[in-house]
Each structure stands twice: as structure tokens, then as C-alpha cells.
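The values are calculated or read from the model by the stated rules, or taken from the named source; none is laboratory data. Bear in mind the structure is a predicted one, so any value in this text is a computation, not a measurement. Cβ sites come from the backbone with ideal geometry, for glycine too, and all protein chains shown count toward neighbours.
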């Protein structure tokens, strides 16, 4: 009995000593650290915009272009924390635009008048791989031209395969594409240079310049129909841009991205488009047929885009 009592006493003292060395239990933190937020960015951007002129690949298609679109960038392979071999992403884009209202066009020779409307749907998808020094993309693009140019048979739909290359030399970013339209059998090449000048955390200035070159370019106008443009009436005997090989135009301007919230950016811009080479020579051709030459002449224009990321 004495040994049992002694063992019980020693056990109690051992427990008490352990508690004294360990000290009291730590209190719960008053301000617990919140877990890191989950990245809920879907990689999708929606946009709406307006351009005082719709200039596409060096040609002035017409005034008051209203547009909307949605695009996405989604990493498929690689990326931060996975490997050092770069990343492969899926890029997709859907754009729709329309000339607001219609334009009353008069052919000065035949005195023919017509209200032209023009709309365009553009859908594209590409795979892009970031190699580090440069990003290479390979994609497909579909165009559906609508409005009077479609109903009159003056324009075709188009399908393009394209190869893109993006890189940077110091503060200057370069992007170039080679585009082959296998419906209209034309090539178009372009090179764009831009640089971002940060003014504040919310405002930047982005000067840019683009030069284009075409091979048997038709701007998707139907060959043999002698098509014209949105602000040019073209009769059955007139000539238009059926085939152009050479430099098309230089477009240069400045964008002013303004970050209005964590997800929304407002981007006004101003630009000038200067047709060169074979494109500039088209002006004399259409003047000979009594049509306006404004699609092939230099034009100052501007616009604004509101984009929201999700």
C-alpha cells in the first residue's frame, strides 16, 4: 500500500513539472491571417467601342464604326510554377462591328444613288507559345461581311490562316503577322511597333505604328464584280481594288489607356492612316470612273474602347 501511494505521488509530481516547463497554453490570435485570395480571373475580356472611321488594313471603309467584342486567353500547358519551358495558351476572339446608319453615295458620272450599309463579324482562335524571348502564335480567322456589300454580291466571306510573332527590344514591343486568305487567295503581312509610357499607376501613353504589305490583296471584295468601298458607289462598269501587290499603308497614332477600376480600362486614341504604294494608286483609278477617292487617301480619325476583364 505504501509503494502504491508513493508511485501515485511521483506520477502527480511528474505531471505538474511538465506543465510548469511547458507554460500556459498559447491564446488564440486576435487577428488571424486571412488565407490568400483565390485567383478568380477567367482570362476573358469584353469590350465596346467607337471609331470615327473604320480603317482596316490601310483602307478607309467608312465613318462611324460601332463595335463590340469578347476575347479570352487561357493557359493550357506550363506557366508559373510548373516548368521553365514557357507556356502554351489558347487565344480566342469574337468581334462584331457596324457602320452606324447608312451613307448616301452618288456616282458623279451616272448620278446613281444608294444607301450603303456595312457590318462585319470576325471570329478567331489561335495557339500561342511563349518561348521567352518571343511568343509565336498559329491561328485561324473567319470573316462574314454583311449589309449592302453582301446582298449586292460585292464582298465575299473570308477564311485566314495566320502566323504571329511578338517580341520586345528594350522598351519597344514588336508584333508581326503573316495572313493567308484561302478563300480569296490573298496574302497580307504587317508589322506593328509600340511602346508603353507609364504616366501614373492608372494612366499610360502608348504610341504605335503599323505598316502593311499585300500580295494580290482584294480586301475581301469580289473579283470580277469591280467592287468599291463603303463610301464609294461603284457601278457595274467601274473599277475597284481587285488586286493589289505592294505596300498598302502606314498607320500611326497614340493610345491613352486609363484604368478606371481593377477590371475596367477606358482607352481613347487618335491615329492617321496614310495609304502608300499600290493602294495610293487606286485613288486615280476610282476618280477616272467618277467615284470618290476618299477610301484611298490619308485620313485622321480616332475612337475609344471600354474593356472589362473577368
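Of 279, 248, which residue is within 15 Å of residue 60 (Cβ to Cβ), in a helix (DSSP H, G or I), modelled with pLDDT under 95 and in contact with a strand residue (DSSP E or B) (Cβ under 7 Å, 6 or more places away or on another chain)?
On the way: 248 fails: in a helix (DSSP H, G or I).
Criteria check complete, one pass: 279.
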Practice problem: Say whether the condition of being loosely packed, with under 15 Cβ neighbours inside 10 Å, part of a loop (DSSP other than H, G, I, E, B) and in contact (Cβ under 8 Å) with a residue 12 or more places away in the chain is met by at least one residue in the range 203-213. | Solution: no
Within the range 169-186, the residues that are surrounded by fewer than 15 Cβ atoms within 10 Å (Cβ to Cβ) and more than 23 Å from residue 244 (Cβ to Cβ) are 169, 170, 171, 172, 174
If we keep only residues of the range 148-168 that are in contact (Cβ under 8 Å) with a residue 60 or more places away in the chain and part of a strand (DSSP E or B), then the residue surrounded by the fewest Cβ atoms within 10 Å (Cβ to Cβ) is 158
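Restricted to the range 135-147, and to residues that are under 16 Å from residue 96 (Cα atoms) and in contact (Cβ under 8 Å) with a residue 40 or more places away in the chain, which residue is surrounded by the fewest Cβ atoms within 10 Å (Cβ to Cβ)? Give the derivation first.
Looking only at the range 135-147, we keep the residues that are under 16 Å from residue 96 (Cα atoms), and these are 141-147.
Within this subset, residues satisfying the condition of being in contact (Cβ under 8 Å) with a residue 40 or more places away in the chain are 143, 145, 147.
Details: 143: 21, 145: 20, 147: 18.
Across the range 135-147, the extreme among qualifying residues is 147.
Looking for whichever is in a strand (DSSP E or B) and either closer than 21 Å to residue 294 by Cβ or modelled with pLDDT of 95 or more (or both) here; the options are 235, 228, 240, 253. Which one fits? Talk me through it step by step, then tell me what you get.
Numbers: 235 fails: in a strand (DSSP E or B); 228 fails: in a strand (DSSP E or B); 240 fails: in a strand (DSSP E or B).
Among 235, 228, 240, 253, only 253 is in a strand (DSSP E or B) and either closer than 21 Å to residue 294 by Cβ or modelled with pLDDT of 95 or more (or both).
Taking strands (runs of 3 or more DSSP E) that do not extend beyond the range 16-134, which have at least 2 residues that are at pLDDT 60 or above and surrounded by 17 or more Cβ atoms within 10 Å (Cβ to Cβ)?
Values: elements: 44-56, 59-78, 87-99, 103-106, 113-116, 118-130.
Because the criterion is at least 2 residues that are at pLDDT 60 or above and surrounded by 17 or more Cβ atoms within 10 Å (Cβ to Cβ), the strands (runs of 3 or more DSSP E) in the range 16-134 that meet it are 44-56, 59-78, 87-99, 118-130.
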